[in-house]
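Trainee: Pasting a structure here, questions to come.
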Amino acid sequence: MKITAAFRTLVVLTAAAALAAGCATAPKEKPAEQPAPAAKPAGPSPAALQAIAEAEAAIKEAKALHWIWRDTEKFLKKAKKAAKKGDNAKAIKLARKAKEQAELAVNQYYLEEAKFMIEELKGRRGLNADQQARMRQAEEAYRNAEGRRAYDLASALLEELRNATIQYTVVRGDSLWKIAGKPEIYDNPYEWPLIYKANADQIRDADLIYPGQVFDIDMNPSPDEVAAAVRHAKTRGAWALGVVEESDKAYLAR
């Protein structure tokens, strides 16, 4: 019995010690999980940067012509903003929209310019077969809304025609009236003011020219130039040799 009592006492003491040891330190708590840092925007992709650069180039050309749509630059601004945030798909879409608008504006500008040039070409006379073919090409490009091509064709042809001159050497008995009336010149004497204006540096009096003078003859005057010359010839009024008429001065000044 004594052994049993002692044994029980030992068990109780051992359990108490174990309980005391278990409560001596508080259980360790798990550290709170920290939220993952927010991912930084990826930024513009090479494709987005390329689309923006192309839009900028197209807009630069349109602005140089002073022919740009009102909201084109707004699309570009939005494209840059989207690219900065890493929304590259949106940036590319907006940049392409800006580029498309700028290119349409440029094309519209050249179509408008080509329209007036083609109208002038149609009024010009003396075009040879090659020049007539090139004028038809310009007209076709205009009908197909190819603004730059129509402009390039028409402007080159007009420049050629404007610079198309021949030289005529005055002979005894000549007058500006007679020269203009020659079939190989204008075949219309009333167009003599064209010769007068083109050679005003060596013609003092339109009624007095001299053998040996060499005149530049514009073989492709514009319809407006022809109309002004004929109008002056018919309304010039009285004239006298050796006198520069006031009406002639006014014609040259126009």
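Trainee: Determine whether residue 197 is out of contact with any Pro (no Cβ under 6 Å at 6 or more places or on another chain), surrounded by 20 or more Cβ atoms within 10 Å (Cβ to Cβ) and free of Cβ contacts under 8 Å to residues at least 60 places away in the same chain.
Mentor: Judged against the criteria, residue 197 is a match.
Trainee: Looking only at the range 204-230, count every residue that is more than 38 Å from the chain's Cα centre (by Cα) and either free of Cβ contacts under 8 Å to residues at least 12 places away in the same chain or assigned to a strand (DSSP E or B) (or both) and tell me the total.
Mentor: So the answer is 2.
Trainee: OK, next. Among (1) surrounded by 15 or more Cβ atoms within 10 Å (Cβ to Cβ); (2) within 30 Å of residue 119 (Cα to Cα); (3) at pLDDT below 95; (4) of a type outside the set (Lys, Arg), where does residue 187 come up short?
Mentor: (1)
Trainee: For the range 85-102, which positions are under 20 Å from the mean Cα position of the chain (by Cα) and either surrounded by fewer than 18 Cβ atoms within 10 Å (Cβ to Cβ) or basic (Lys, Arg) (or both)?
Mentor: 96, 97, 99, 100
Trainee: Another question, then. Among the residues of the range 200-230, which ones are crowded, with 16+ Cβ neighbours inside 10 Å, modelled with pLDDT of 90 or more and under 15 Å from residue 169 (Cα atoms)?
Mentor: Answer for the range 200-230, where residues must be crowded, with 16+ Cβ neighbours inside 10 Å, modelled with pLDDT of 90 or more and under 15 Å from residue 169 (Cα atoms): 203, 209, 215, 217.
The values are calculated or read from the model by the stated rules, or taken from the named source; none is laboratory data. Because the structure is a prediction, the values reported are computed rather than measured. Note: ideal-geometry Cβ built from the backbone for every residue, glycine included; neighbour counts use all protein chains shown.
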